Every structure is written in structure tokens, then in C-alpha cells.
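Here the structure is laid out as C-alpha cells; the discussion comes afterwards.
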Amino acid sequence: MLSGIKRVLSPFYKSLYITGFYRLPAILFLMVFLQFTGRVSAQSLTGTTGLFHIPTAEMMSDRTFMAGVHQIPAKYSLYGRGLHDNRYGFATLTFLPRIELMFRYTYLLGVDRSSRTSGPFMDRMVAARVLIIRESGYRPALLFGVHDPGQAFDVAANKYFGANYLVTTKHFSAAGFRAALHAGYAFDLFNEATQVYDGLFGGMSLSHQALPWFEIMAENDSFRWNAAAKLLILNRVQLMAGLMELKNPAGGISYRVTL
């Protein structure tokens, strides 16, 4: 995560170095600008709004567009027979403001371009999420989501990242801390099999009002326990890094803007 932050801030860092300022001014610069960041809740590894790997019933603000690149180890990839790390390039849009749409390319790392007639980008998928009930008072939010649909209507040649789910989210605040609990259930729907999640999944996130741009997370995605952290810089750039199965690194970077 620190190396990712350094890459993002490298133009500012080099400028400070050239002008004769070094460590302390650079640290102060970072601290001041981080005070103008927003709350960190944003994209999961899949490209949809969520924790680390699981979806939540949280939604970004209306007309929020996000694009980014995330990567997961081959061991947990559903595409590439578990032989290649998967790199996701995605774009996500929230509008109306209860609807979220996501388009994603999956890139297999380590694949020889010359051996594949379709090039390195081997799978395309879409996802849609609809917020059914907004969070209010003691009532949690409720959301329905579907990933990689199409087989029910014979419009999808392949299906590697299917998911159909209902998920709830409830936030709590105390002593300056803000916590969120998330619980969901994934199921087959018509001929659309759920693959990424299967049955129960859930997790929690925690942040503090003094550091609203930093969040830690723990979750179970139906198959394994994961833990991660997110950092939001200038309310635009999100850095995320974590451990799948609590031992194998995954993460990525994304950029958000309001249209």
C-alpha cells in the first residue's frame, strides 16, 4: 500500500525534493491534503461497491463514475483455471441514484499474446445493483445485485464470474468510530448460477472520524476469510491492499469523479 501511495504522489514528492525540501515538508504536505478527503467507502476487488471482495448495500453518490485496476492471485481466480493471476480493469457508474452499473475486462497475466487469437483481454462482464431499501434509523439498507448475467437468455458464451445476491448494511457510530456490518446471501437465479459467492457472506469495516479517509475491513466471502485496508486521497484516488485467505496479497487502485 505504501508503495502505491508513493507512486501516486511521486510528482509532488519529486518537486519537493528538487526545491530543497525533503522529508518533513513532504509529510506535512500529505497530512494537510488528506484533511480534504472524503469518506473512504468505495469499490471492492470485483469493481462494484463493497468491502475487499464482497459486495455491500452501500452506494456511491448519484452520478459518481469510478474506473480502476485490481488484481487477485491465481489461486482465487475463477478464470484461467487457477494458473494465472487475474487483473481487472473496470468502470462503474451510479445513477438515479439507486442503480449501479459496472463493466469489467479480465486480463490473464502471464499469457502469451501470440498463443491467443483474441489477445490478452479474455473475458468481459457486466454487473448491475439496485438499492431496494435505504438505511434509516434502526433499519438496514437492502440491495439486490447480479454479476455476469446472460446465460438465462443465451446471450453469454462464457460465464466465470456469476453472482446473484441480496445484501444488507447497517452503520453504527460511537466514541468517534464508525463501523458498518454487512451480511448477504448468494443464490442461483433461473439459469444464472452464482460462482463468486455461494450462500452466506459478510463482513465489517471500521474507520475513525479523525481519519475518515482510512478504513480497515474483515470479511468472509463464502469461501475464505480476508482482511484489507483502503485509503482515499483527495476524494479521488482509492488505494486498496489486503490479504485473501489472510495470507495472499491482492489489491489495486481506482479513481472517482462526479459527472
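Only the coordinates and a few stated rules stand behind these numbers; no lab work does. This is a predicted model, so every value here is computed, not measured. We place every Cβ from the backbone using ideal geometry, glycine too, and count neighbours over all the protein chains shown.
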Subject >> In sequence order, calculated HN-Hα J values of the range 55-67 (Karplus, 6.51, -1.76, 1.60; Hz; x Gly/Pro) >> reply: x, 10, 8, 6, 10, 6, 4, 3, 6, 7, 10, 10, 9
Original post:
Where in the range 84-109 is the amide nitrogen less than 13 Å from a point lying 7 Å along the Cα-to-Cβ axis of ALA67?
Top reply: 89-93, 103-105
**OP:** Set Lys and Arg Cβ to +1 and Asp and Glu Cβ to -1, take the dipole of the range 40-258 about its Cα centre, and tell me which of SER222, LEU234, SER136 lies farthest positive.
**Re:** LEU234
Subject >> Residue order, fewest to most beta carbons within 10 Å, for HIS182, HIS84 >> reply: HIS84, HIS182
Subject >> Cβ-Cβ FRET estimate between PHE177 and LEU93, R0 fixed at 45 Å, reported to 0.05 >> reply: 0.90
**OP:** Based on other C-beta atoms within 10 Å, arrange VAL126, VAL257, VAL196 from fewest to most.
**Re:** VAL257, VAL126, VAL196
